[in-house]
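To start, the structure under review is shown below, and the notes come after it.
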Amino acid sequence: MKQLISRTGGLLLAGLLLAGSAAADDGYELWLRYNPLPSAKATAWKAQVKSVMVPGSSATLNAVRKELVDGCSGLLGEKVTEAERFGDGVVVAGTPESVPMFSRFESELAELGPEGYLIRSRNNNGRTTVMIASQTEVGALYGAFHFLRLMQTQEPGELDISEKPQVMLRLLNHWDNLDGSIERGYAGKSLWKWEELPEIVDPRLIDYARANASIGINGSVLNNVNSKAQSLTTEYLHKAAAVADAFRPYGVKVYLSARFNAPMELGGLDTADPMDPEVRAWWVKKADEIYSIIPDFGGFLVKANSEGQPGPITYGRTHADGANMLATALKPHGGIVMWRAFVYDPDDTDRIGQAYTAMKPDDGRFADNVLLQVKNGPLDFQPREPFSPLFGTMPKTQLMPELQITQEYLGQSRQLAYLAPMWREFLDADTYAKGEGSSVSKVMDGSLFGGKLTGVAGVANTGSDRNWTGHDLAQANWYAFGRLAWAHELSSEQIVDEWIKMSLSQTPSVIQSISKIMLESREAVVDYMTPLGLAHIMWQGHHYGPEPWCDTLSRPDWNPVYFHRADSEGLGFDRTKTGSAAVEQYLGKTRETYESLEKCPENMLLWFHHVPWDYKMKSGKILWDELCLHYQRGVDWVEQARKQWNALEGSIDSDVFSRVSDKFAVQETDAGRWRDACILYFQTFSKREIPAGVDKPTLTLEQIKQDPPKEYP
Ligand code: GCW
């Protein structure tokens, strides 16, 4: 529904025309709101966009046409018609088959590949036309979304755009359980209502697929990596097929998490050993069945021998043995396996080094339709981690980064953390695998080591909440993931600028103010949760709020005290030669830098070093004071950001404004709690005064411990 009051004020005729009634902005339409552009901009675009022509009647071409007609009409504030013929002011989109004159682009389109597209404008004696062409219909859809984005982010002008994605598999991972709950989900229930499928397909699934297509996401793993074998039963495959049917017109393929011992649980075998002929035959038959039900099924994602999940190690086999068995079954159908590297063993010396120890020996042993899916950092989606050393040290394996869009450790959907800066830090990190300039993004896009398949996964932050992501501004993280998956060199600034213009406002001062808040938000979370390289000191279980004192969990490497190692001498985990030596998994200058107490970036200091409380930091202050001041700085930021947000009242939609304003109030309280809890707790070791400039806690540590933070929701 369009709303009646524009961001810039005033009544919008278009809103009346299109919606017919006033409606509050509930956030449902994401970045596809298509609210009318400011009038000068709309007038300028009207010269170029008068009507839309998308010949053909396939589901995808119908979607292209609808998107262009609705989008242009909304943005220009007047109904844009469908043209019968090509002429002045016509936007034409399709493939060389659906638009024969596009055959002239055939060689260019071949270079752009099946998902690439070009957008060209032609100006003949004042008559302008826009052409959006691709080899495939889905590529044309991507082009249409790009054109609509241009209308919102730029002034009209000559267009000569050629685009293709830098990474082939751009997937969301849903940690959705079959009972509708979502592991680490903070935005309601699962979007897939398994009990209603396949008979009833929620129309919302189409909006989900459309939103993904608009940012180039081309696949979804529907079920949790902590998976149930049930999702591979014939009954559930038919349900997944109904979802695949809804997604297909938008180019979104369906994948499933596969439980490694399904041959035992479903097939009644007494082993899941990947070398056992009966087990192998079971998977071949299962793959054949899956493809008979979902002909374009994408493949399997597997969490094996990790946190209680079954896997090949149990049978004395390797990860590669397990992955390759599944890959063999999927291969004849064109399917792939994404094998997760998130493994750790309680007996090992340092949890963060274990994925490397477990996976590195398998380098070069994985089949060519396997990708090793590796979390960005070596631990677990912390507010700041160094990149995982697997990027750079497995040159003969196709690696696929796994990012977490849902904010498990970053304030969930109660706190603002715009994640593009965190992902940029990761993508730009230098692995030194082939000398300077061997960035993680080059590992990801295949340009460093080659490899046939490339991919990136994001653990989704979506759910059944009306606004999809719980926190309205967290929509930007879904958006940013898709944009970076498509074009990994985009800056955090550009992405947030696009998102704000498409979602919240076209007014420069408003854009500037929101953009500043969002760009700074993740560093503030680091400051008030885990500054200077601290990690994993969140409350046990739900991971919301601080619990640095926790030492009661059954596995030592689940406990915060394992990670921060505070004692009377100092703070931090020694990962140099004198400690766990995990730093030696890094290469070249990266390793040298991290290894040296002096050279290690201060924002990673306590990750790699156990540092004395009175160690002199670059600021000239001692570690203890610097630590406290970081906590304070984070809290101060939230207070300021909240004020800046509240000053936007009246300049953006009032409903969006108040929802976010309410979230900021919670964030401010909870950031203060982080500061107080951590300072009071670490003070029991440092035995030093809280420095000037830091607010004195109002509660005692005991009082804080007695009042656990509330679990979502
Ligand atoms: O960090 C842990 C999460 C688990 C998750 C696991 C994983 C899906 O707390 O909830 O399980 O990571 O990534 O497998």
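Some notes on this structure:
- Candidates Ser654, Ser619 - the one that is surrounded by fewer than 20 Cβ atoms within 10 Å (Cβ to Cβ) and in contact (Cβ under 8 Å) with a residue 60 or more places away in the chain: Ser654
Residues are listed down the side, and each one gets a yes or a no for (1) β-branched (Val, Ile, Thr); (2) under 20 Å from Thr431 (Cα atoms):
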residue: Thr328; (1), (2): yes, no
residue: Asp350; (1), (2): no, no
residue: Ala367; (1), (2): no, no
residue: Val370; (1), (2): yes, no
residue: Asn376; (1), (2): no, yes
residue: Gln382; (1), (2): no, yes
residue: Phe387; (1), (2): no, yes
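- Counting only helices (runs of 4 or more DSSP H) that fall entirely inside region 39-158 and contain at least 2 residues that are touching an Asp or Glu at 6+ places or on another chain (Cβ under 6 Å) and within 24 Å of Gly219 (Cα to Cα), the qualifying elements are 59-76, 137-153.
- Glu425 being among the acidic types (Asp, Glu) and either within 13 Å of the ligand (Cβ to nearest atom) or modelled with pLDDT under 95 (or both): no
- Residue check for Ile352: touching a Gly at 6+ places or on another chain (Cβ under 9 Å) and aliphatic (A, V, I, L, M): yes
- Filter result (in a loop (DSSP other than H, G, I, E, B) and within 16 Å of the ligand (Cβ to nearest atom)) within region 295-317: Lys303, Ala304, Asn305, Ser306, Glu307, Gly308, Gln309, Pro310, Gly311
- Lone qualifier among Val456, Val443 - being in a helix (DSSP H, G or I) and β-branched (Val, Ile, Thr): Val443
- Within region 229-241, not a single residue is in a loop (DSSP other than H, G, I, E, B) and within 16 Å of the ligand (Cβ to nearest atom).
- In this entry, Gly545 is excluded by the filter for residues that are in contact with a Leu (Cβ under 7 Å, 6 or more places away or on another chain) and farther than 30 Å from Leu76 by Cα.
- Among the candidates Ala358, Ala320, residue that is within 15 Å of the ligand (Cβ to nearest atom) and either part of a helix (DSSP H, G or I) or on the phi > 0 side of the Ramachandran plot (or both): Ala358
- Close pairs from region 269-298: first among the hydroxyl-bearing types (Ser, Thr, Tyr), partner outside any loop (DSSP other than H, G, I, E, B), Cβ under 6 Å, at least 6 apart: Tyr291/His333
- Single condition Gln506 does not satisfy, out of (1) of a type outside the set (Ser, Thr, Tyr); (2) over 30 Å from Leu37 (Cα atoms); (3) surrounded by fewer than 23 Cβ atoms within 10 Å (Cβ to Cβ): (2)
- The residue list Tyr562, Tyr544 contains one member that is within 16 Å of the ligand (Cβ to nearest atom), within 26 Å of Ile352 (Cα to Cα) and part of a helix (DSSP H, G or I), which is Tyr562.
- Unmet criterion (only one of (1) in a helix (DSSP H, G or I); (2) of a type in the set (Phe, Trp, Tyr); (3) more than 21 Å from Gly216 (Cβ to Cβ)) for Tyr409: (1)
- Subset of region 361-396 (residues that are more than 23 Å from His564 (Cβ to Cβ), surrounded by fewer than 23 Cβ atoms within 10 Å (Cβ to Cβ) and within 16 Å of the ligand (Cβ to nearest atom)): none
- Annotation: of all residues in region 323-355 being under 23 Å from Gly572 (Cα atoms), among the charged types (D, E, K, R) and more than 16 Å from the ligand (Cβ to nearest atom), the one that is surrounded by the fewest Cβ atoms within 10 Å (Cβ to Cβ) is Asp347.
- Scanning region 57-79 for any residue that is in contact (Cβ under 8 Å) with a residue 24 or more places away in the chain, over 34 Å from the mean Cα position of the chain (by Cα) and surrounded by 15 or more Cβ atoms within 10 Å (Cβ to Cβ) turns up at least one such residue.
- If you go through region 34-50 and keep only what is at negative phi, buried (at least 21 other Cβ atoms within 10 Å of the Cβ) and either small (Gly, Ala, Ser) or within 32 Å of the chain's Cα centre (by Cα) (or both), you end up with Asn35, Pro36, Leu37.
- So Asp26, is it modelled with pLDDT of 95 or more, assigned to a helix (DSSP H, G or I) and acidic (Asp, Glu): no
- Looking across region 464-491 at every residue that is touching a helix residue (DSSP H, G or I) at 6+ places or on another chain (Cβ under 6 Å) and part of a loop (DSSP other than H, G, I, E, B), the one that is surrounded by the fewest Cβ atoms within 10 Å (Cβ to Cβ) is identified as Leu490.
- Single condition Trp607 does not satisfy, out of (1) in a loop (DSSP other than H, G, I, E, B); (2) surrounded by 15 or more Cβ atoms within 10 Å (Cβ to Cβ): (1)
- If only residues of region 183-198 that are more than 16 Å from the chain's Cα centre (by Cα) and in contact (Cβ under 8 Å) with a residue 24 or more places away in the chain are counted, the one that is nearest to the ligand (Cβ to nearest atom) is Ser190.
- Pairing each residue of region 329-342 that is closer than 13 Å to Ala367 by Cβ with any residue that is within 16 Å of the ligand (Cβ to nearest atom) and among the polar types (S, T, N, Q), provided the two are 6+ apart or on different chains, yields C-beta distances under 8 Å for Met338/Gln373; Trp339/Gln373.
- Among the criteria (1) surrounded by 19 or more Cβ atoms within 10 Å (Cβ to Cβ); (2) modelled with pLDDT under 95, the one Cys600 does not fulfil is (2).
- Residues of region 516-544 that turn out to be among the small types (Gly, Ala, Ser) and surrounded by fewer than 20 Cβ atoms within 10 Å (Cβ to Cβ), as a count: 1
The values are calculated or read from the model by the stated rules, or taken from the named source; none is laboratory data. In this text the structure is predicted, and so the values were computed from the model without any measurement. Heads up, the Cβs are rebuilt from the backbone with ideal geometry, glycines too, and the neighbour counts pull from every protein chain shown.
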